[in-house]
Each structure stands twice: as C-alpha cells, then as structure tokens.
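Every read-out reported here was derived from the displayed coordinates using simple, explicitly stated rules and does not represent laboratory data. Computed from a prediction, not measured in an experiment: that's the story for all the values here. Methodologically, a virtual Cβ is constructed for each residue, glycine included, from the backbone with ideal geometry; neighbour enumeration extends over all protein chains shown.
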Amino acid sequence: MEKIIEVKNLYKSFSVGNEEVNVLKDISLDIYKGEFVSIMGPSGCGKSTLLYLLGGLDKPTGGNIYIRNQEISRLKDREISKVRRRELGFVFQFYNLVQNLNLEDNILLPILLDGGKPKEYKEKLNEMLNIIELSHKRKALPRELSGGQQQRVAIARALINNPDLILADEPIGNLDSKTGTEIMKLFKRINKEKGVTIVNVTHSKESADYGTHIIYLKDGEILNHEKIIKDEAAFTKENKE
Ligand SMILES: Nc1ncnc2c1ncn2[C@@H]1O[C@H](COP(=O)(O)OP(=O)(O)OP(=O)(O)O)[C@@H](O)[C@H]1O
Ligand SMILES: [Mg+2]
C-alpha cells in the first residue's frame, strides 16, 4: 500500500513569554492511501497543531513530515502553498467560506487562486454539487445556507482539485448531532467511493468511529493506535438508510 504521509519523530513547541511549551513530543506515524484516520484526544492535547503541521500550515520544531515522499517542511513557502492547493483539501470547524461569494464560486475558489479557468471546471463543479446535494442552491450566499449545508460546500471546495488527502479539524464540532452524522457519512462516501484519504480531528468517539484507523493523542504524545476492519456490507447498508 502506498504511504501518503510519514511522520518521523515530530516535535512542536511554542514560546509563550519566556517559556517553551512542548505541544507535540516525538510523534511518529504512517498514513496509507485510502485510510480514514481519526485523531482523537482531549482539548489541548495537540490535535489541531498536528493537523496543521501535516498540511504545511505551520512548521515543526523538530522531526520530519513527508507527504508522498516529499518533505513538506523543507519546501519553500510558495511550494508548500502549491502542494496545499493542488494535493490537499482542508475542512475546518467554522467552514471558512467567503461570505460575499455564492456557493459555486466558493467551491471554485481554489481553482481561481491557482490561476485556473473556472469554465474548464463546469463538469467537475456539477459533480461536486451533486455529491453534496446542493445543485438547487448553487447561486446562494453562505448566509442563506444552514451550518450543515455550509460545511458541505466547504467539503466540495476541498474536493474540487481532486486531492488525495483531506484534512479536517472538528468538521462537525459546530453542528447538531443529526447534521453531524450526515457530514460524517458524506466523508465516508468520499473515502470509499473516491478513495480519498481522510484525516479527521475530533474529540467525539462517535465521530472517530467512522475511521478505519484511530490515533489517540494525550499531552502531545501518541497513546495508542487502533485499526478497525469494517464490514463492507454493513457500510453499504448503513449508507442506504
Ligand atoms: N500558536 C500557539 N502559541 C502558543 N501555544 C499554542 C499555539 N497553538 C497551540 N498552542 C497550545 O498548544 C496546545 C495544543 O493546542 P491544540 O490547538 O493543538 O489542541 P487541540 O487538541 O486541537 O484542542 P481542542 O480540542 O480544544 O481544539 C494548547 O495548550 C495550546 O494552548
Ligand atoms: Mg483543536
């Protein structure tokens, strides 16, 4: 199986006043293509910090992160941005949509930022709108959508460039439980049907259980890994309900 992320002896500390706070301590992990990884742990244990490092949004204090054998922390900022826009998709708790752009333009934003021609993405855009079941709202502004709908737009935006990897930080943290379940099922479908690798940060066990590989973090260290082999028939049944 192809390794998509390799983390070796990763450390991250922040200086707060005169003090060094060690937030991640000697983290090593491998993520393989097609995995659905849940990163779980209590508030403050370093989940978001780890996710941001994986996505090149911040730099490690020590250790190495390889995305597809490319050491991301050694790339120049401009190159990291390119990798981020073309190979990764991010989904955050508060959706981070651009308020004055309609739904279509929000989804196409990564293309525009990369100097691409939105016209060439018409079909892809329609496919995305179908997946998130919001074709009928394509001209709506974010404020005209519910939280769950906005998060679906953020997921479509994360998928528009066909990334191999989606990094999500508490994507259902701001949603009620029914809507949260719908979003988790959408991630599961994207993982199964499109083969996109997903790394989902959560402090809910229920949400973590959508994963096939759960990483438990505590005080900046990995406590435990759990790999779950899911019954395909059960998955199909679950998704038809
Ligand atoms: N830029 C920063 N400067 C200083 N300290 C930071 C910074 N970012 C994070 N920290 C500290 O690192 C620790 C881990 O933060 P992080 O946001 O990764 O936790 P988390 O596991 O995502 O928590 P939550 O579940 O509440 O989102 C916290 O103690 C936090 O205060
Ligand atoms: Mg966090």
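Taking the chain as the reference, fit the longest principal axis to its C-alpha atoms, fit the long axis of helix 177-194 to the helix C-alpha atoms, and give the angle between the two in degrees, 0 to 90, nearest 10.
On a 0 to 90 degree scale, this one is about 90.
Find out how many positive minus negative residues lie around residue 81, taking Lys and Arg as positive, Asp and Glu as negative, among other residues whose Cβ is under 15 Å from that of residue 81.
Working: positive: 59, 74, 76, 78, 82, 84, 85, 86; negative: 58, 77, 79, 87, 114.
Result for the neighbourhood of residue 81: +3.
Exactly which trypsin sites (Lys or Arg not before Pro) in region 40-109 are in a DSSP loop and have at most 12 other Cβ atoms within 10 Å?
Values: sites: 47, 68, 74, 76, 78, 82, 84, 85, 86; in loops: 68, 76.
Listed in order of number, the matching sites are 76.
Does region 62-113 come out rounded, prolate or oblate, given a ≥ b ≥ c as the square roots of the eigenvalues of its C-alpha gyration tensor, rounded meaning a/c under 1.5 and, failing that, prolate meaning a/b above b/c?
On the way: a/c = 3.06, a/b = 2.21, b/c = 1.38.
Prolate is the answer for region 62-113, as a/c is 1.5 or above and a/b outweighs b/c.
What residue among 96, 224, 200 shows peak mean-square fluctuation when the chain is described by a Gaussian network model with Cα springs under 10 Å?
224
Taking Rh as the Kirkwood radius computed over C-alpha pairs, what is the Stokes-Einstein D of the chain at 25 °C in a medium of viscosity 0.890 mPa s, expressed in µm² per second? Show your work: numbers first, answer last.
Values: Rh = 18.5 Å.
D = 133 µm²/s.
Given the -39500 (n - 2.57) contribution per DSSP H run of 4+ residues, what per-residue ellipticity at 222 nm results for the chain, rounded to the nearest 500 deg cm²/dmol?
-10500 deg cm²/dmol
What percent do you get for the relative contact order of the chain when only Cα pairs under 8 Å and 6+ apart count? Mind dumping the intermediate values first?
On the way: 440 pairs, mean separation 67.7, N = 241.
Result for the chain is 28 percent.
Does region 5-123 classify as rounded, prolate or oblate by the C-alpha gyration tensor (a ≥ b ≥ c root eigenvalues; a/c under 1.5 gives rounded; else a/b over b/c gives prolate, otherwise oblate)? Don't skip to the answer; put the middle values down first.
Working: a/c = 1.98, a/b = 1.71, b/c = 1.16.
Prolate, because a/c is 1.5 or more and a/b exceeds b/c.
Within 9 Å, Cβ to Cβ, of residue 221, how many net charges do the neighbouring residues add up to if Lys/Arg are +1 and Asp/Glu are -1?
On the way: positive: 25, 218; negative: 26, 219.
Charge balance in the 9 Å sphere: 0.
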